[in-house]
1. Please enumerate the residues belonging to segment 131-156 that are more than 20 Å from residue 63 (Cβ to Cβ) and either in a loop (DSSP other than H, G, I, E, B) or not assigned by TED's automatic domain parsing to the domain that holds residue 94 (or both).
2. Go through (1) more than 20 Å from the chain's Cα centre (by Cα); (2) surrounded by fewer than 17 Cβ atoms within 10 Å (Cβ to Cβ) for residue 201 and report which single condition fails.
3. If only one of 8, 12, 4, 29 is in contact with a strand residue (DSSP E or B) (Cβ under 7 Å, 6 or more places away or on another chain), closer than 21 Å to residue 177 by Cβ and modelled with pLDDT under 70, which one is it?
4. Just wondering, is there one or more residues in segment 274-285 that are assigned to a strand (DSSP E or B), crowded, with 23+ Cβ neighbours inside 10 Å and modelled with pLDDT of 95 or more?
5. Output the qualifying pairs, or none if there are none: Cβ atoms under 6 angstrom, residues six or more apart or on different chains, first residue in segment 104-127 and farther than 17 Å from residue 62 by Cα, second residue modelled with pLDDT of 90 or more and not in a helix (DSSP H, G or I).
6. List, please: which pairs have Cβ atoms under 8 Å, are six or more places apart or on different chains, and start with a residue in segment 286-297 that is free of Cβ contacts under 8 Å to residues at least 60 places away in the same chain and end with one that is buried (at least 17 other Cβ atoms within 10 Å of the Cβ) and assigned to a helix (DSSP H, G or I)?
7. Identify, from the list 139, 108, 112, the residue that is within 22 Å of the chain's Cα centre (by Cα) and under 25 Å from residue 267 (Cα atoms).
8. Considering only residues of segment 15-26 that are assigned to a loop (DSSP other than H, G, I, E, B) and surrounded by 14 or more Cβ atoms within 10 Å (Cβ to Cβ), which is modelled with the highest pLDDT?
């Protein structure tokens, strides 16, 4: 145990005895085509700014709407080994693990199909477009993507999209780095992906709302998490063309997943792990999906088209 861990435990002990709570700072800023929020417990504005700088660094490396990003340089590499940032090596590892964990439900190589249904431009800035080489095919060969040190070799025709994993992993990394930099606790909320670590503002647990997909001013549930992540995937948020298509693709068909599930919320140990599990809600039968989640060390809630909610048996533990 490090000196910082000892100090953090001492603060938690003091809080539990009724001593004053540590100060917290929070800020909401634009990120990844939407908005994010970071809250730092036991740290000041400098730590908050550092956390945001790290989040924006992840976005710059992983966006598909910038030809100079690591992801787009890889997508255009045509089999040539390409040097990338160590953070991008972590992203590729997370994408591969997610594919294995989900049994292929999570497939980050479907970017050509996503462009075919109309998701070419950033929804936040239509001037920012995604382009791919003529060789691009979906699905790609994710297993064939090789990493060595900071070099990545992509099979010709294979492309990747960080997608939701970019949000979850970025939140994980931001939280880890903030704690390393001296924060007592942190919450990183990036477009529906929330990761919490360290001490909560009340010294007990982070209270997090699950949004009503049909009325964003309301919530369908409230959960308490001391550490870990809660991620929500929605087929309502990113509707394309005439509204019949959305960005959550069925890896088997390459088309928008047809499912009564409107949103899937997953609680897991990390944002990356929760992201790996959330997409399966839209391609599996709901009862089987909710039974499967606890076997993956996760809990979940789905909201169906008629507004009804269904949860895994272990969801109650977080209320």
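1. Correct list: 134, 135, 137, 139, 141, 149, 155, 156.
2. Here residue 201 clears every test but (2).
3. Result: 8 is the single residue among 8, 12, 4, 29 that is in contact with a strand residue (DSSP E or B) (Cβ under 7 Å, 6 or more places away or on another chain), closer than 21 Å to residue 177 by Cβ and modelled with pLDDT under 70.
4. Of all residues in segment 274-285, those assigned to a strand (DSSP E or B) come to none.
No, every residue in segment 274-285 fails to be assigned to a strand (DSSP E or B), crowded, with 23+ Cβ neighbours inside 10 Å and modelled with pLDDT of 95 or more.
5. 105/283; 113/138
6. That search, which allows pairs on different chains as well, returns 289/280; 289/281; 292/280; 293/277; 297/273.
7. The conditions single out 108.
8. Applying the first criterion (assigned to a loop (DSSP other than H, G, I, E, B)) to segment 15-26 yields 17-23.
With surrounded by 14 or more Cβ atoms within 10 Å (Cβ to Cβ) added as a condition, the list becomes 21-22.
Values: 21: 72, 22: 84.
Selected residue: 22.
The values are calculated or read from the model by the stated rules, or taken from the named source; none is laboratory data. If you're wondering where the values come from, they're calculated on a predicted model, not measured in any experiment. Using ideal geometry, Cβ is built from the backbone for each residue, glycine included, and neighbour counts are taken over all protein chains shown.
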